[in-house]
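Asks: Take this structure first; my questions come after.
The values are calculated or read from the model by the stated rules, or taken from the named source; none is laboratory data. Keep in mind the model is a prediction, meaning the values are calculated, not measured. Don't worry about glycine lacking a Cβ; one is built from the backbone with ideal geometry, like all the others, and counts go over all protein chains shown. With ligands, DNA and RNA removed, areas are computed over all heavy atoms of the protein, side chains included. Shrake-Rupley method; radii C 1.70, N 1.55, O 1.52, S 1.80 Å.
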Amino acid sequence: MLTTVALAVAVAATALAGEAFAADVALKAPVKKETPFFLVNDNSVSFTWYANATNPGVAGGGIPGNSNSFSKYVGSVTHFDVWAYGTNFFNVDILKSDNNDPVDGIFVPRATGATEMYAFARSTLSGNALTGSKMFSSFIFKDISFEWGGDINTENDFFRPQKRDVVLGANFSFNLPGTVLFGVLAYKEWNHGTPFFVPGMFSGDREFQWIPRLELLISEPLTFLPWPLTWNSFTGVNFPKGNGISQTNLCAIGGCLPAPFTGANFFTANNASTFTKTEVFADNRLTLDASKLWWGKPGIWDIYAGYRYWYNKFGTDHNAAVFAAFAPGTSIESTAYVGTTYHFK
């Protein structure tokens, strides 16, 4: 896709690790009459710094042919709970880029970096809890849950996206050490991009196809080490979702023209009708329970460091002219990051 979106999968990577642990606890501790409504009720704030974020299609200094990366600062407010039949997760991010990703994509002296707001929600219903049995448990699975949720965002960069999406499907909890979750989901996205607006012809609104989405989350406490460290890994895959534009609207923005640097053809290496490519997001981090290490009080203050690799970011085609020549390398993000989380107790 062309319009920029928030880092939803990054949120999933950080939040679902807690969800995985809590869901596992819920399975091992059957609900009794005296059990409180929420088995787990966690509220937290986080701050994360990404050293080399990218925005597909934004060239360095606004100069064609320049690659570009920038610092991104993310503040998060998160709620996660476990109740008798499942889990709920809500997150709101405020993301601020430095001036290499400026407001409206306008590079001027003392430019201000773009700001984004992203809200994200996921819920699950446990198959075992709903049936009051262990019918969804086996030597392969601990449980199978129904999962659903959605995202919403807005940002004031060059593309000015307004993304909305929904996901629903099955979440498989594997019967392995630690927590291993595999999600098989259906994904549907709507978006709006100001650069696509053609007065009287195309509003800039886009509706993408339903596509498969795969998620793999691994959360493993490293108990063999003398420090309270946990390895969290998240991989998400979105399959191509089309271009979200009818043939008439595609022609309105120049997507029917043969020249490689006109309209929609500027954004795809092959055919404007495909437009998006398979997107792969991989995030790995080590999280230290600092409050347990230094004060003997677990689960209050975490610090973490990690690495994120994002291939065909937002579904963009990294071989297309805009991402290979105009703003080379911006369709693939490779960045280290550090951050901290405080849990309210």
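Asks: Consider residue 39 against the criteria (1) over 30 Å from residue 126 (Cα atoms); (2) surrounded by 13 or more Cβ atoms within 10 Å (Cβ to Cβ); (3) not small (Gly, Ala, Ser): it satisfies all of them except one. Which criterion is unmet?
Replies: The single condition residue 39 does not satisfy is (1).
Asks: A follow-up question, please. Please name all residue pairs, on different chains or six or more residues apart, with Cβ atoms under 7 Å, provided the first residue is in segment 115-139 and is under 29 Å from residue 78 (Cα atoms) and the second residue is aromatic (Phe, Trp, Tyr) and not in a loop (DSSP other than H, G, I, E, B).
Replies: Partner pairs satisfying both residue conditions: 121/89; 121/90; 122/89; 123/148; 124/146; 125/146.
Asks: Do we find that residue 104 is over 26 Å from residue 90 (Cα atoms) and either crowded, with 21+ Cβ neighbours inside 10 Å or touching a Lys or Arg at 6+ places or on another chain (Cβ under 9 Å) (or both) in this structure? Quick ask: steps written out before the conclusion?
Replies: Values: over 26 Å from residue 90 (Cα atoms): yes; either crowded, with 21+ Cβ neighbours inside 10 Å or touching a Lys or Arg at 6+ places or on another chain (Cβ under 9 Å) (or both): yes.
It is true that residue 104 is over 26 Å from residue 90 (Cα atoms) and either crowded, with 21+ Cβ neighbours inside 10 Å or touching a Lys or Arg at 6+ places or on another chain (Cβ under 9 Å) (or both).
Asks: Could you check how many residues of segment 322-345 are buried (at least 20 other Cβ atoms within 10 Å of the Cβ) and of a type in the set (Phe, Trp, Tyr)?
Replies: Residues meeting the conditions: 2.
Asks: Can you pull out the residues in segment 107-124 that are open to solvent by 50 Å² or more (accessible area, probe 1.4 Å) and more than 18 Å from the chain's Cα centre (by Cα)?
Replies: If the condition is that a residue be open to solvent by 50 Å² or more (accessible area, probe 1.4 Å) and more than 18 Å from the chain's Cα centre (by Cα), then 107, 108, 109, 110, 112 are the ones that fit.
Asks: So which of 136, 141 ends up being within 26 Å of residue 215 (Cα to Cα), open to solvent by 60 Å² or more (accessible area, probe 1.4 Å) and modelled with pLDDT of 95 or more?
Replies: Working: 141 fails: open to solvent by 60 Å² or more (accessible area, probe 1.4 Å).
Matching residue, one of 136, 141: 136.
Asks: Moving to a separate point now. Of everything in segment 63-112, what is closer than 20 Å to residue 151 by Cα, among the β-branched types (Val, Ile, Thr) and free of Cβ contacts under 8 Å to residues at least 40 places away in the same chain? Give them in sequence order.
Replies: If the condition is that a residue be closer than 20 Å to residue 151 by Cα, among the β-branched types (Val, Ile, Thr) and free of Cβ contacts under 8 Å to residues at least 40 places away in the same chain, then 77, 92, 94 are the ones that fit.
Asks: Look at residue 317 and say whether it is at pLDDT below 90 and acidic (Asp, Glu).
Replies: yes
Asks: For the subset of segment 83-99 comprising residues that are open to solvent by 60 Å² or more (accessible area, probe 1.4 Å) and either more than 13 Å from residue 116 (Cβ to Cβ) or charged (D, E, K, R) (or both), which member is nearest to the chain's Cα centre (by Cα)? Explain how you work it out, then say what you get.
Replies: Looking only at segment 83-99, we keep the residues that are open to solvent by 60 Å² or more (accessible area, probe 1.4 Å), and these are 83, 85, 90, 92, 94, 96, 99.
From what is left, the residues that are either more than 13 Å from residue 116 (Cβ to Cβ) or charged (D, E, K, R) (or both) are 83, 85, 90, 96, 99.
Details: 83: 25, 85: 25, 90: 13, 96: 16, 99: 23 Å.
In this case the residue turns out to be 90.
Asks: In this structure, is residue 75 more than 17 Å from residue 340 (Cβ to Cβ) and among the small types (Gly, Ala, Ser)?
Replies: It is false that residue 75 is more than 17 Å from residue 340 (Cβ to Cβ) and among the small types (Gly, Ala, Ser).
Asks: Select from segment 65-82 the residues that are surrounded by fewer than 21 Cβ atoms within 10 Å (Cβ to Cβ), over 19 Å from residue 157 (Cβ atoms) and in contact with a Gly (Cβ under 9 Å, 6 or more places away or on another chain) and list them in ascending order.
Replies: Once the filter is applied, which keeps residues that are surrounded by fewer than 21 Cβ atoms within 10 Å (Cβ to Cβ), over 19 Å from residue 157 (Cβ atoms) and in contact with a Gly (Cβ under 9 Å, 6 or more places away or on another chain), segment 65-82 yields nothing.
Asks: Is it the case that residue 172 is farther than 22 Å from residue 105 by Cα, under 17 Å from the mean Cα position of the chain (by Cα) and modelled with pLDDT of 95 or more?
Replies: Criteria not met by residue 172.
Asks: Can you say whether residue 277 is modelled with pLDDT of 60 or more and more than 28 Å from residue 215 (Cβ to Cβ), as far as the supplied structure shows?
Replies: no
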